[in-house]
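Accompanying notes for the structure given below.
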Protein chains: 2
Amino acid sequence: MSEKHILFVLKEEEPWKLSPEALKLNPAGELPIFVFDGNVISGNNGICEFLEEVHPDEPLINGDARHRAEVRRLTEWFDNKFYREVYRNIVIEKVFRRFVSGAAPDSKILKVGFNNLNFHMEYLDWLCETRKFLSGDEYSLADISAAAQLSIIDYLGDVPWEGYKNAKIWYSKIKSRPSFKEILKDGIKGILPSKHYSNLDF
Amino acid sequence: MSEKHILFVLKEEEPWKLSPEALKLNPAGELPIFVFDGNVISGNNGICEFLEEVHPDEPLINGDARHRAEVRRLTEWFDNKFYREVYRNIVIEKVFRRFVSGAAPDSKILKVGFNNLNFHMEYLDWLCETRKFLSGDEYSLADISAAAQLSIIDYLGDVPWEGYKNAKIWYSKIKSRPSFKEILKDGIKGILPSKHYSNLDF
């Protein structure tokens, strides 16, 4: 929304225990929930495609139909495959479990997450070798989807940037965008960010 | 594609062991893969949005921006949430495991899948109580996404239709569509369909 210069107000929710107001807006009990002119829209993909339709200026699903398919393929890759194979195993274990049950992370699950992360970093690095941004020459929804998840893992200090030079250059471009700089100021209660987290020259 | 009257040729792949040709088309090793005028598109959402853009007649993501958001929300619901909570626990256990390792399904995982299925059937039934199709008055991508997964579970005889009258009426409408009738002729090697599977009046 910042990329599209849309003004908005964020309301924090705990994903594992939604407030009664949030449950009223989305009885399915899933985040994110987006309220716009009295409309309630939920579902990550639905919200992004909706914003693209009502704010077509400064497109984030950009280019011709073929290129938009590439943007959507990569967005889906990170929203689903990366989420399932990496994010769930690392972030849910290290952060969510702590808040829900106070339990320590399961080292076996973490290990699976770290192994998968290396596989995905290789793919990211390969994409960034020939492309300025993930889907091509322009910044797109694919970059947002990838950076949103990577930044939390980077907050925890778990992204092996050193082995992936092209991916690192790409991520420094993302970090320097005004829309992203604001996000880097956020914190997770009780967990300090890695030293380089909000450093643009990491 | 049948709904949009697009001619196509299907090539069967085993998801757990892609052919060299398929891996060449999508090095990520994920299905579905769609080849169109020399373009290769992969990713479920990317393919569907692409088809919608190049074949806007007979739209499946239909209505105004608000309604299209509802279509996408429900499509995402079934493609991700239902897939994760129900499909994986039932279909991967009962069908995929059999082909990959020959192992019997894990009864604990199956039980989780059946419990979740009841929860999702309630939601489906609730939607169908006030709507002709899942997203509203018109047939849409949401119906296709839901029916695609339910039909395999129904093939296995595991959908508790009796408790969900409205969902059952909806599914009989889906089954009678020409595009769907063809699909009901397909079979899974070595597993017989439930008695009522391709029966329009079940």
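The values are calculated or read from the model by the stated rules, or taken from the named source; none is laboratory data. No experiment lies behind these values; they were computed from the predicted model shown. No Cβ is skipped: glycine too gets one built from the backbone with ideal geometry, and neighbour counts run over all protein chains shown.
Laid out as a table, the results:
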quantity	calculated
Where B:Ala69 falls short, out of the listed (1) in contact with a Phe, Trp or Tyr (Cβ under 6 Å, 6 or more places away or on another chain); (2) over 24 Å from B:Pro193 (Cβ atoms); (3) exposed (fewer than 15 other Cβ atoms within 10 Å of the Cβ)	(3)
Index of the failed condition, A:Ser19 passing every other in (1) surrounded by fewer than 17 Cβ atoms within 10 Å (Cβ to Cβ); (2) under 19 Å from A:Gly136 (Cβ atoms)	(2)
Which listed residue is over 25 Å from B:Lys189 (Cα atoms) and either touching a Gly at 6+ places or on another chain (Cβ under 8 Å) or not assigned by TED's automatic domain parsing to the domain that holds B:Leu156 (or both), from B:Val35, B:Val86	B:Val35
Residue count for the stretch B:36-50, restricted to those that are acidic (Asp, Glu), part of a helix (DSSP H, G or I) and surrounded by fewer than 21 Cβ atoms within 10 Å (Cβ to Cβ)	0
Lone unmet requirement of (1) within 23 Å of A:Gly157 (Cβ to Cβ); (2) among the β-branched types (Val, Ile, Thr); (3) in contact with a Cys (Cβ under 9 Å, 6 or more places away or on another chain) for A:Ile90	(3)
Residue match in the stretch B:100-112 (condition: touching an Asp or Glu at 6+ places or on another chain (Cβ under 6 Å), within 28 Å of B:Arg177 (Cα to Cα) and of a type in the set (A, V, I, L, M))	no
Residue check for A:Lys4: more than 25 Å from B:Phe78 (Cα to Cα), touching a residue at least 24 places away in the same chain (Cβ under 8 Å) and of a type in the set (Lys, Arg)	yes
Any hit, the stretch B:194-202, residues being assigned by TED's automatic domain parsing to the domain that holds B:Asp125 and hydrophobic (A, V, I, L, M, F, W, C)	no
Qualifying residue in the stretch B:15-22 (condition: within 13 Å of chain A (Cβ to nearest Cβ), more than 30 Å from A:Gly29 (Cα to Cα) and not hydrophobic (A, V, I, L, M, F, W, C))	no
B:Asp79 vs. criteria within 24 Å of B:Trp16 (Cβ to Cβ), out of contact with any Cys (no Cβ under 6 Å at 6 or more places or on another chain), touching a residue at least 40 places away in the same chain (Cβ under 8 Å) and acidic (Asp, Glu)	yes
Filtered residues of the stretch A:55-103 (kept if assigned to a loop (DSSP other than H, G, I, E, B) and polar (S, T, N, Q))	A:Asn62, A:Ser101
Residue that is surrounded by the fewest Cβ atoms within 10 Å (Cβ to Cβ) [pool: residues in the stretch A:56-66 that are more than 21 Å from the chain's Cα centre (by Cα) and touching a residue at least 40 places away in the same chain (Cβ under 8 Å)]	A:Asp57
Residue that is surrounded by the most Cβ atoms within 10 Å (Cβ to Cβ) [pool: residues in the stretch B:82-106 that are within 14 Å of another protein chain (Cβ to nearest Cβ) and without any contact (Cβ under 8 Å) to a residue 12 or more places away in the chain]	B:Ile92
Selection status of A:Glu53, surrounded by 22 or more Cβ atoms within 10 Å (Cβ to Cβ), assigned by TED's automatic domain parsing to the domain that holds A:Ser2 and free of Cβ contacts under 8 Å to residues at least 24 places away in the same chain	no
Residue count, the stretch A:38-73 (criterion: more than 8 Å from chain B (Cβ to nearest Cβ) and more than 20 Å from B:His55 (Cβ to Cβ))	11
